[in-house]
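Beneath this line is the structure, given in structure tokens, with notes to follow.
Values in this text are rule-based calculations from the coordinates and carry no lab data. Since the structure is predicted, the reported quantities are computational estimates derived from the model, not experimental observations. Every residue, glycine among them, receives a Cβ derived from its backbone with ideal geometry; neighbour counts consider all protein chains shown.
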Amino acid sequence: MFGHSDFGNSDLINMLTKKTIILGVTGGIAAYKSCTLASRLKDLGAEVWVVMTDAATKLVGPQTFRTLTGNPVVTDLFSQEIANLPVPHISLAEKADLIVIAPATANIIGKIAYGIADDALTTIVMASRAKKLIAPAMNANMWRNQIVKDNVRKLNEHDFHFVGPVKGKLACGEDDMGRMSEPEEIIEKIEELLKPNADLAGKTFLITAGGTREAIDPIRFIGNRSSGKMGFALAEAAAARGAKVILISAPTSLTPPETVTMINVISAKDMYEAVMKHRHDQDVIIMAAAAADFRPKITFWQKVKKDRDGLQLELANTVDILKDLGNLKNGSKLIGFAVETENLEENAREKLQKKNLDLIVANDTAAFESDSSQVKLIDRTGNVEDLPELPKKEAAHRILDAILRL
């Protein structure tokens, strides 16, 4: 346990497990403390990527951080060690749950404050939507310089977080303000920033995901390109924010979050039955699944042989799960999805009204099988929120934020 934290060591390990933390190390003498910080974060289960400025490499060798983290160390945008990553600085920026810069010199604070991106670290900071934590370390007079104060204030206004500096023995020999916070204090701040938001505690969610399969014969089926990633991201995000979640999913290759109740289905009929069985007493129902609109009228009990002279399939409509949910609403907030190839907003609004939804998430087919998505959120009062292209995990939280505002 660190200091006054309410979390024990096992809780902190659970919090940081599978989290990706980028540790930026700049050219301050306190860079040696970052070795302890990197090692501790790794022990707590985080995936740690260290990004060093050129000045930092003169104080601590990159190989030290590589050994401590088990990952390549980024020293420039053209590093051979990360050349296998597509557009390395963007790939790392998108992976990050948190960027920590420790130590952070007056130079790096000033560059970030003015949007300068002329090395690996500043470029990754500019390209990332992750939370950012800065641990300053510098001479006391530099810290008190009005220009540095203005830069810190500017970054605070743009949602950068700071820990320290503190008073202590400085490299110049003075005992004054400007010393970098100790690794334990920085980890306490990391804990605070990554602590799950519990704004959905006590709420119940029913979420569907994936694309259903409508059987032609025991081997073949009619399907669609839905990967289930958005539904799974919503389930994980809702559970992380304290909700009790039932996830009903058609076949996918995804691993379900451990904290949700998982129900596997195959066809639209299967999904309909599962949804209707569990719809009662749900605060929110999110129909993120791509349930098939059509099914073969006849399903062959044996494999259809290829030696036939072609095969004609007659299709019938599947049950409309969303429409029936809209007709049976009993206080639950009902959220649907609209995937369109044309007239996206117009068609989404029409679906919102016809299906008696509270909110619809509209996106085009580019979202299929992708890890990111650009969507419009349209509520029943007509309000429209255009989200930028976001990783689906982040988009999921933005959708949940919109649901809370309903």
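Here are some notes:
- The fraction of Cα-Cα pairs per 5 angstrom bin, counted from 0 for the range 119-160, comes to 5, 18, 24, 26, 18, 8, 1 percent, rounded to whole percents.
- Per residue, the chain reaches -10000 deg cm²/dmol at 222 nm when only DSSP H runs of four or more residues are counted, each adding -39500 (n - 2.57).
- Additional length obtainable on full extension of the chain from His278 to Asp199, 0.36 nm per residue less Cα span: 26.2 nm
- Share, in percent, of DSSP beta bridges within the chain that are antiparallel, nearest 5: 30
- As a rough footprinting exposure proxy, the listed residues Tyr32, Tyr114, Tyr272 were ranked by other beta carbons within 10 Å of their own, and the order from fewest upward is Tyr114, Tyr32, Tyr272.
- Beta bridges assigned by DSSP with both partners in the range 9-194 are antiparallel in approximately 15 percent of cases.
- 11 Å beta-carbon shell around Val260, net charge (K/R +1, D/E -1): -1
- Label-to-label distance, nm, for residues given as Thr36 and Gln302 (7 Å Cα→Cβ offset): 7.5
- Placing R0 at 56 angstrom, the Cβ-Cβ distance between Lys149 and Asn343 gives a FRET efficiency of 0.60 after rounding to 0.05.
- In this simple spin-label approximation, Glu157 and Asp43 carry label points 7 Å from Cα along the Cα→Cβ vector, and these lie 4.1 nm apart.
- Counted by neighbouring Cβ atoms within 10 Å, the residues His158, His278 run from fewest to most as His158, His278.
- Sorted by Cβ neighbour density within 10 Å, fewest at the top, the residues Trp143, Trp301: Trp301, Trp143
- Phe294/Gln374 FRET efficiency (R0 25 Å; Cβ-Cβ; nearest 0.05): 0.35
- Stretched out straight at 0.36 nm per residue, the stretch from Lys323 to Asp217 would grow longer than its current Cα-Cα span by 35.3 nm.
- Residues whose amide H comes within less than 5 Å of that of Ser181, counting only those at least five positions distant or on another chain, are Val166 (H built at 1.01 Å from N in the peptide plane).
- Helix 392-404 and the longest principal axis of the C-alpha atoms of the chain enclose an angle of approximately 80°.
- Taking amide H positions as modeled 1.01 Å from N, with prolines and chain starts lacking one, the residues under 5 Å from Ser373 and 5 or more places away or on another chain are Leu390, Lys392.
- Nearest-0.05 FRET efficiency for Asn141 and Ser253, computed from C-beta distance (R0 60 Å): 0.55
- Share antiparallel - DSSP beta bridges, the range 133-270, percent rounded to 5: 35
- Angle of helix 344-354 to the longest C-alpha principal axis of the chain, folded into 0 to 90 degrees and rounded to 10: 60°.
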